[in-house]
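Asker: Sharing a structure here in structure tokens format.
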Amino acid sequence: MWHLAEIFNDLTVVAIPTRTNFRGVSVREAALFRGPAGWSEFSPFVEYNVAESEPWLVAALEGAYKPWPELMRNTIGINATLPKVEINRVYEILRRFPGAKTVKIKVDDFESDNYLVEAALDFNPDFKIRLDVNGGWDLETALLNLYNYYLRFGKVFEYIEQPCLEIADLVKLKKEIPIKIAIDESIRKGLNSDFTSAKDFADVAIIKWAPCGGISRANKLIAKIGLPAVISSALDTGIGISHGLALAASQKELNFECGLATTSLFVSDVVSPEIEITAGTIAVKRTEPDEDLINKYSAAPDRKIWWQKRIEQIWDTGFGERWQHE
């Protein structure tokens, strides 16, 4: 018997194919388990090391063992997400986000990806557009690409997400461009940063339930950063998404649609009833795995062992003792 089985009750590992390659992922693996408060999820991307994965385990245990905080709303507005796909697949992807008024588009540069923006606007001319670069540009490249995007499409852009990784580049970029800047990797890779100068290099904070360490830590982080927050996902299953929805619902102010509809990018989810998008919104509620879907998408035995060992690696750094004495 796995020695942490009593803490990670009914631990099961799923492997869900995605409809398209998304940030290099074509099969999403996740470890699901339950606690006194309900089901939770541990699913840092497989390339993340122990230090990067630890906040995800904090979030997972909080989700299983602690009740949600007071919720200010029972539905959350969502954005559509458009990965880098061939133009003939744009309609197929976007129709899976019925009623969404905003779309986030993964881009590398203007030359390669302006067709995605054009195709999204052909699908819905009233879309607000978010571009996500994942920190892929230096300052000069960012200025060139954003100049071209703005010249071609005008004021359709709600913000540009993490155009550069270097804070110094973001500071300069913010002074030069007429588009708001959102930070994601700057937060995930710097959870213990000061952030007192965040307003100098960003306008929006992208906050994700698992990478930020759960609802309690995420809300403290939002207060610390002091920027309007967009609650987003890390390609979670419907279990993790439910906790992201609760995080969004706990906000006193929520001025942006949230990136919490990404299960639409899977060939299937593993929860029942499935998470449904209604007129661009998702209802906030706890979810549970469906036994038939769990069986269908169950990961191979060696992958379950791999995830168990991954949890053990974090646990044995002293994490387990700290958590049990909180």
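Quick note: the coordinates plus some simple rules give every number you see, no bench work behind them. Values in this document were obtained by computation on a predicted structure and should not be read as measured data. Neighbour counts run over all protein chains shown; Cβ positions are idealised from the backbone, glycine included.
Asker: Within the set Lys84/Lys309; Lys101/Lys304; Lys104/Lys309; Lys252/Lys309; Lys106/Lys189, which residue pairs have Cα atoms separated by over 29 Å?
Answerer: Numbers: Lys84/Lys309 33 Å; Lys101/Lys304 39 Å; Lys104/Lys309 35 Å; Lys252/Lys309 39 Å; Lys106/Lys189 20 Å.
Flagged as over cut-off: Lys84/Lys309; Lys101/Lys304; Lys104/Lys309; Lys252/Lys309.
Asker: I've got another one for you. For the chain, build the charge dipole from Cβ charges (+1 Lys, Arg; -1 Asp, Glu) around the Cα centre, then report which of Pro17, Ala37, Ala234 sits farthest towards its positive end.
Answerer: Ala37
Asker: Next question. Mean residue ellipticity at 222 nm from the helices of the chain, using -39,500 (n - 2.57) per DSSP H segment of n ≥ 4 over the full residue count, to the nearest 500 deg cm²/dmol? Don't jump to the answer; show the numbers that get you there.
Answerer: On the way: 11 runs with 112 residues, N = 326.
Roughly -10000 deg cm²/dmol at 222 nm, from the helical runs in the chain.
Asker: Okay, moving on. Amide H neighbours of Glu29 under 5 Å, at least 5 residues apart or on other chains, H built in the peptide plane: list them.
Answerer: Ile16
Asker: Okay, next question. Can you tell me the 0 to 90 degree angle between the C-alpha axis of helix 139-153 and the longest principal axis of the chain, rounded to 10?
Answerer: Once rounded, one gets 70 degrees.
Asker: Next question, about the same structure. With contacts defined as alpha carbon pairs under 8 Å and 6 or more residues apart, what's the relative contact order of region 75-290 in percent? Don't skip to the end; give the middle numbers.
Answerer: Details: 409 pairs, mean separation 48.4, N = 216.
The value is 22 percent.
Asker: Another question, if that's okay. Take the Cα gyration tensor of the chain, multiply each eigenvalue by 5, square-root it, and list the three semi-axes largest first, rounded to whole angstrom.
Answerer: 32, 23, 18
Asker: How far, in nm, would the chain grow between Val267 and Ile305 when pulled straight, counting 0.36 nm per residue and subtracting the alpha carbon separation?
Answerer: Result for the pair: 11.2 nm of gain on full extension.
Asker: Here is a further query. What residues qualify as long-range amide H neighbours of Asn9, i.e. H under 5 Å apart, gap of 5 or more or another chain, H built at 1.01 Å from N?
Answerer: Result for Asn9 returns Arg34.
Asker: With unit charges on the beta carbons (Lys and Arg positive, Asp and Glu negative) and the dipole taken about the Cα centre of region 75-290, which residue among Ala283, Leu143, Gly99 sits farthest to the positive side?
Answerer: Going by the charge dipole, the pick is Ala283.
Asker: Find how much the distance from Gln324 to Tyr147 grows on full extension, using 0.36 nm per residue of separation minus their present alpha carbon separation; answer in nm with one decimal.
Answerer: Computed gain between Gln324 and Tyr147 is 58.5 nm.
Asker: Moving to a separate point now. Dipole magnitude of region 122-258 about its Cα centre, charges +1 at Lys/Arg Cβ and -1 at Asp/Glu Cβ only, in debye to the nearest 20?
Answerer: Computed about the Cα centre, the dipole is about 420 debye.
Asker: While we're on this one: Can you find, among Phe127, Ile87, Leu116, the residue farthest towards the positive end of the dipole of region 71-150? Put +1 on the C-beta of Lys and Arg, -1 on that of Asp and Glu.
Answerer: Working it through, the farthest residue towards the positive pole turns out to be Phe127.
Asker: How many angstrom lie between the C-alpha centres of region 193-246 and region 24-56?
Answerer: Here the two parts' Cα centres lie 17 Å apart.
Asker: Could you sort the peptides 236-247, 220-231 by per-residue average Cβ neighbour count (10 Å cutoff), highest mean leading?
Answerer: Numbers: 236-247: 27.0, 220-231: 18.8.
Going from most to least packed, we get 236-247, 220-231.
Asker: Amide H of Phe266: which non-local residues (sequence gap of 5 or more, or other chain) have their own amide H closer than 5 Å, using H built in the peptide plane?
Answerer: Result for Phe266 returns Arg19.
Asker: State the extension gain, in nm to one decimal, for the chain segment bounded by Glu176 and Asp108, taking 0.36 nm per residue of separation less the distance between their alpha-carbons.
Answerer: Here the answer is 22.5 nm.
Asker: Compute the FRET efficiency between Ala5 and Asp316 as 1/(1 + (r/R0)^6), taking r as their Cβ-Cβ distance and R0 = 25 Å, and round to the nearest 0.05. Mind dumping the intermediate values first?
Answerer: On the way: r = 16 Å, r/R0 = 0.63.
Once the sixth-power term is evaluated, E becomes 0.95.
Asker: Right, next: Excluding Pro69 itself, calculate the net charge of residues whose Cβ lies under 13 Å from the Cβ of Pro69, where each Lys or Arg counts +1 and each Asp or Glu counts -1.
Answerer: On the way: positive: Lys66, Arg73, Arg217, Lys220, Lys252; negative: Glu62, Glu70.
It works out to a net charge of +3.
Asker: Return the sequence-ordered ³J(HN,Hα) values of region 313-322 in whole Hz as given by the Karplus equation 6.51 cos²θ - 1.76 cosθ + 1.60 applied to θ = phi - 60°, using x for Gly and Pro.
Answerer: 4, 5, 4, 7, 6, x, 4, x, 5, 4
Asker: Largest first, please: the extent of the C-alpha atoms of region 71-166 along each principal axis, to the nearest Å.
Answerer: Principal extents (largest minus smallest coordinate, Cα): 42, 36, 22 Å.
Asker: Could the peptides 129-136, 271-278 be put in order, highest first, of the mean number of other beta-carbon atoms found within 10 Å of their residues? Before the final figure, lay out each step's value.
Answerer: Numbers: 129-136: 21.8, 271-278: 14.9.
Top to bottom by mean Cβ count within 10 Å: 129-136, 271-278.
Asker: Using θ = phi - 60° and the Karplus curve 6.51 cos²θ - 1.76 cosθ + 1.60, what whole-Hz ³J(HN,Hα) does each residue of region 29-41 get, with Gly and Pro shown as x?
Answerer: 9, 8, 9, 10, 7, 10, x, x, 8, x, 7, 9, 9
Asker: Assigning unit charges at the beta carbon (Lys, Arg +1; Asp, Glu -1) and nothing else, what dipole magnitude in debye, to the nearest 20, does region 1-139 show about its Cα centre?
Answerer: 580
Asker: Moving to a separate point now. For the pair Lys285 and Glu185, how long in nm is the line joining their label points, each one 7 Å along Cα→Cβ?
Answerer: It works out to 3.8 nm between the two label points.
Asker: Report the charge-dipole magnitude of the chain in Debye, nearest 20, computed about the Cα centre from +1 at each Lys and Arg Cβ and -1 at each Asp and Glu Cβ. Don't jump to the answer; show the numbers that get you there.
Answerer: Numbers: 37 positive and 46 negative charges, 126 e Å.
Roughly 600 debye for the chain.
Asker: So what are the ³J(HN,Hα) numbers for region 65-80, from phi and the Karplus equation (6.51, -1.76, 1.60; θ = phi - 60°), rounded to whole Hz, Gly and Pro as x?
Answerer: Listing the rounded values in order: 10, 10, x, 5, x, 4, 9, 8, 7, 10, 9, 10, x, 10, 9, 7 Hz.
Asker: Whole Å is fine, so just give me how far the alpha carbon centre of region 118-152 lies from that of region 289-326.
Answerer: 38
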